[in-house]
Amino acid sequence: MRKKIISYGRHLIDQADIDAVTEALQSGWLTGGPAIVAFEEAVARLCGAAHAVAVCNGTAALHCAMHALRVAPGDEVIVPPMTFCATANAVVYQGGEPVFADVAPGTLLLDPASVEASLTPRTKGIVAVDYAGQPCDYDALRAIADAHGLFLAADACHSLGGAWNGRPVGSLADVTCLSFHPVKHITTGEGGMILCDDPLLAETMRRFRNHGIDADPARRAEQGVWRYDMGFLGHNYRITDIQCALGGSQLDKLPQWLTRRREVAAMYAQALRNMADVSPLEEVPGATHALHLYVVRIASRPKPLRDAVLSGLRARGVQANVHYVPANRHSYYRQRLGDGASGTPVCDKAFEEILSLPMHAGLTDEDVRHVLWALGEALLEARA
Ligand SMILES: Cc1ncc(COP(=O)(O)O)c(C=O)c1O
């Protein structure tokens, strides 16, 4: 039995990353300094956004966005259930109510028809999630948002480097939220960012990450002023220069890492064509998939196989995973929503069948072959 465990997602650190962090440690700025601004500017440039605000994680990015977009008690915000719970939680932090619209069966991305059906006079906005790394149909979602005077936010924690009809993720919604957790495309240890074009939204989010205070220490030092004012209640969602130095160095490698993810996906897709009971999610024309996750559906007829296949993979050193327990199936949201039917049957069914195969830039061809062998064996065992 092979000893190596192949995880579903994993960061890569090279000497350039270590050098960048060392330089930040020696620079005199541990936080609030130039490495943060440099990282913000680099990501904004890459993603076609005018402004970027770096924060301590993706959840904080979503919270900053919901605050700046003025989500308040009484407001409803439409979100997909097939996401990490943080997407919906950010609405609740602001006192709003997440309304779960269903996803499309082929892609598990927010279904515009279900969004339409979920609108009420209290709807304030939509948070689209680029599940697994595939950008949503931002044209359809934008049309709904504009027709009803709603904001459109993107939870792009999976889709850095992706695009929709040639437009990069970061330029597709009013605000776009990123995560730099180690399983994501690039990492800062923990970290996140919000991208937008509106300077007022950006300024509000900068203040929100710093308690609601009107100027950060670097700017006060630059302007020679010491007075400051806390105009509204914010949080300490700041990120450090040490983390952003790592992020900047990681960003340099994003193109080559995306290429490797595509190569791995092509190997999987090719092999899965000949494997019964396993099908990858659909790729939509117009979407440039960033391939954060490689999600497959395991047939559940004549009997459910997913759990047994997952165990079989793990027994063979493949740390496959399930993304996600739908946000509206967690007990917190079940209680909040009244514990009845979810109202999202497509997502419920998908949840019984999905499994994420390992997908990251550090996978070798041999790793991929091992995953595919293990999948074949696990399927045979599960069907028996
Ligand atoms: C879709 C989605 N949204 C939000 C988050 C939250 O990001 P973080 O873990 O950086 O807070 C994640 C992270 O897993 C995510 O996958």
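Applying 1/(1 + (r/R0)^6) with R0 = 30 Å to the Cβ-Cβ distance of Arg227 and Ser27, what FRET efficiency is obtained, to the nearest 0.05? Provide the component values of the computation, followed by the final result.
Numbers: r = 27 Å, r/R0 = 0.91.
Efficiency at R0 = 30 Å is approximately 0.65.
Using 0.36 nm per residue, how much length does the chain from Asp307 to Val284 gain when fully extended, once their Cα-Cα distance is taken away?
5.5 nm
Between Val37 and Ala50, what is the label-to-label distance in nm when each label sits 7 Å out along the Cα-to-Cβ direction?
Each label point lies 7 Å from its Cα, and together they span 1.9 nm.
Rounded to the nearest whole Å², what accessible area per residue is found for region 15-251 with the 1.4 Å probe? Write out the running numbers ahead of the final one.
Working: 8910 Å² over 237 residues.
Accessible surface, normalised per residue, equals 38 Å².
Name the residue farthest towards the positive end of the dipole of the chain from the options Pro345, Phe151, Ile18, assuming +1 on Cβ of Lys and Arg, -1 on Cβ of Asp and Glu, about the Cα centre.
The one lying farthest along the dipole's positive direction is Pro345.
When the scattering of region 125-279 is computed by the Debye formula from its Cα atoms alone, each counted once and equally, what is log10 I(q)/I(0) at q = 0.21 Å⁻¹?
Debye curve over Cα of region 125-279, log10 I(q)/I(0) at q = 0.21 Å⁻¹: -1.35.
Relative contact order, percent, of region 253-369 when contacts are C-alpha pairs under 8 Å separated by at least 6 residues?
Relative contact order, region 253-369: 35 percent.
At what distance in angstrom do the alpha carbon centres of region 244-302 and region 127-144 lie from each other?
What the calculation gives is 18 Å, centre to centre.
Figure the gain on full extension for Tyr93 and Arg70 (residue separation times 0.36 nm, minus the Cα-Cα span) and round it to one decimal in nm. Display every interim value, and only then the final one.
Numbers: separation 23, 0.36 × 23 = 8.28 nm, distance 1.18 nm.
Result: 7.1 nm gained on full extension.
Out of all DSSP beta bridges with both ends in the chain, state the antiparallel percent to the nearest 5.
Looking only at bridges with both residues in the chain, the antiparallel portion is about 60 percent.
List, largest first, the extents of the alpha carbons of region 116-212 along their principal axes, each in whole Å.
40, 33, 22
Estimate the FRET efficiency between Arg219 and Arg273 by the formula 1/(1 + (r/R0)^6), using the beta-carbon distance for r and 56 Å for R0, to the nearest 0.05. All intermediate terms of the calculation are to be shown ahead of the outcome.
Values: r = 56 Å, r/R0 = 1.00.
Calculated transfer efficiency: 0.50.
Let's test the formula: R0 of 41 Å, r as the Cβ-Cβ distance of Ala147 and Gln256. What FRET efficiency results, to the nearest 0.05?
0.50
So how far apart, in nm, are the two label points at Asp197 and Trp373 if each is 7 Å from Cα heading toward Cβ?
If labels sit at Asp197 and Trp373, their model points lie 5.1 nm apart.
Percent of alpha carbon pairs in region 254-383 separated by more than 17 Å?
Within region 254-383, distances greater than 17 Å cover 62 percent of Cα pairs.
Name the residue, out of Ser171, Ser114, Ser27, whose mean-square fluctuation peaks in a Gaussian network model built on the chain with Cα pairs under 10 Å.
Of Ser171, Ser114, Ser27, the Gaussian network model singles out Ser27 as fluctuating most.
Excluding the sites themselves, what is the longest stretch of the chain that contains no trypsin sites (Lys or Arg not before Pro) in a DSSP loop with at most 15 other C-beta atoms within 10 Å?
The longest such stretch corresponds to 274-384.
Pairs Lys124/Lys349; Lys124/Lys303; Lys4/Lys184; Lys3/Lys349; Lys124/Lys253: which exceed 30 Å Cα-Cα? The partial results should precede the final answer.
Working: Lys124/Lys349 28 Å; Lys124/Lys303 42 Å; Lys4/Lys184 21 Å; Lys3/Lys349 34 Å; Lys124/Lys253 38 Å.
The pairs that break the limit, which is 30 Å between Cα atoms, are Lys124/Lys303; Lys3/Lys349; Lys124/Lys253.
Scattering from the C-alpha atoms of region 15-251 alone, worked out with Debye: what is log10 I(q)/I(0) at q = 0.10, 0.14 1/Å?
Values, matching the q order: -0.45, -0.85.
What's the longest uninterrupted piece of the chain once you rule out the chymotrypsin sites (Phe, Trp or Tyr not before Pro) that are loop residues per DSSP with at most 15 other Cβ within 10 Å? Could the numbers behind the result be given before it?
Working: sites that count: Trp226, Tyr228, Phe232.
With chymotrypsin sites (Phe, Trp or Tyr not before Pro) excluded where exposed in loops, the chain gives 1-225 as its longest stretch.
Quick one: check the C-alpha center-to-center distance for region 7-59 versus region 307-361, whole angstrom.
31
State, as an integer percentage, the relative contact order of the chain based on alpha-carbon contacts under 8 Å between residues 6 or more apart. Provide the component values of the computation, followed by the final result.
On the way: 826 pairs, mean separation 90.2, N = 384.
Relative contact order for the chain comes out at 23 percent.
How large, in percent, is the carbon and sulfur part of the accessible surface of region 15-251 at a probe radius of 1.4 Å?
Working: 4990 of 8910 Å².
Roughly 56 percent, rounded to a whole number.
Taking 0.36 nm per intervening residue step and subtracting the Cα-Cα distance, what contour gain separates Val322 from His211 on full extension?
Details: separation 111, 0.36 × 111 = 39.96 nm, distance 3.58 nm.
Gain on extension, Val322 to His211, equals 36.4 nm.
Of the heavy-atom accessible surface of region 285-327 (probe 1.4 angstrom), what whole percent is carbon and sulfur?
Values: 900 of 1650 Å².
It is 55 percent, rounded to a whole number.
Compute, for the chain, the length of the dipole vector about the Cα centre, with Cβ point charges of +1 (Lys, Arg) and -1 (Asp, Glu) only. Units Debye, rounded to 20.
On the way: 35 positive and 42 negative charges, 185 e Å.
For this selection, approximately 900 debye.
The values are calculated or read from the model by the stated rules, or taken from the named source; none is laboratory data. Everything quoted here is computed from the prediction, not taken from an experiment. As a convention, Cβ positions derive from the backbone with ideal geometry for all residues, glycine included, and neighbour counts pool all protein chains shown. Accessible surface is based on the protein model in full, side chains and every heavy atom, while ligands, DNA and RNA are left aside. Shrake-Rupley method; radii C 1.70, N 1.55, O 1.52, S 1.80 Å.
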